[in-house]
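Remarks on the structure that follows.
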Amino acid sequence: MEEQRWVHEGLITESLPNDMFRVRLDNEDLILGYVSGRIRRSFRRILPGDRVQIEGGRYDSTRGRIIYRLHNKDSND
């Protein structure tokens, strides 16, 4: 049986060691996010101020996996 997951969008507020980030979700919750393997393999650079999609499990709502970096309107990439 597959675990239910939620997906939210948020803003990276702080960069922590070991590819961990503090993320402020759109509903104003602060959670700890870590980079998914797909982003790590493609060498995507994630910096404070970036908007991301983050996926979390049903049991721990304080941690989540960053699965996608959204394009900012004011950036060049």
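Return the residues of the stretch 63-77 that are farther than 12 Å from TRP6 by Cα, open to solvent by 90 Å² or more (accessible area, probe 1.4 Å) and in a strand (DSSP E or B); say none if nothing qualifies.
Residue satisfying the conditions is TYR68 alone.
Could you check how many residues of the stretch 10-62 are assigned to a strand (DSSP E or B), in contact (Cβ under 8 Å) with a residue 40 or more places away in the chain and basic (Lys, Arg)? Even if it seems obvious, please write down each step before you answer.
To start, the set of residues in the stretch 10-62 that are assigned to a strand (DSSP E or B) comprises 10-16, 20-25, 30-35, 51-57.
Now drop any that are not in contact (Cβ under 8 Å) with a residue 40 or more places away in the chain, which leaves 10-12, 21, 23, 51-57.
Those still in the list that are basic (Lys, Arg) too: 51.
Counting residues in the stretch 10-62 that are assigned to a strand (DSSP E or B), in contact (Cβ under 8 Å) with a residue 40 or more places away in the chain and basic (Lys, Arg) gives 1.
The values are calculated or read from the model by the stated rules, or taken from the named source; none is laboratory data. Quick caveat: nothing in here was measured; it's all calculated off a predicted structure. Every residue, glycine as well, gets a Cβ built from its backbone with ideal geometry; the counts of neighbours run over all protein chains shown. Only protein heavy atoms, including side chains, enter the accessible area calculation; ligands, DNA and RNA are left aside. Shrake-Rupley method; radii C 1.70, N 1.55, O 1.52, S 1.80 Å.
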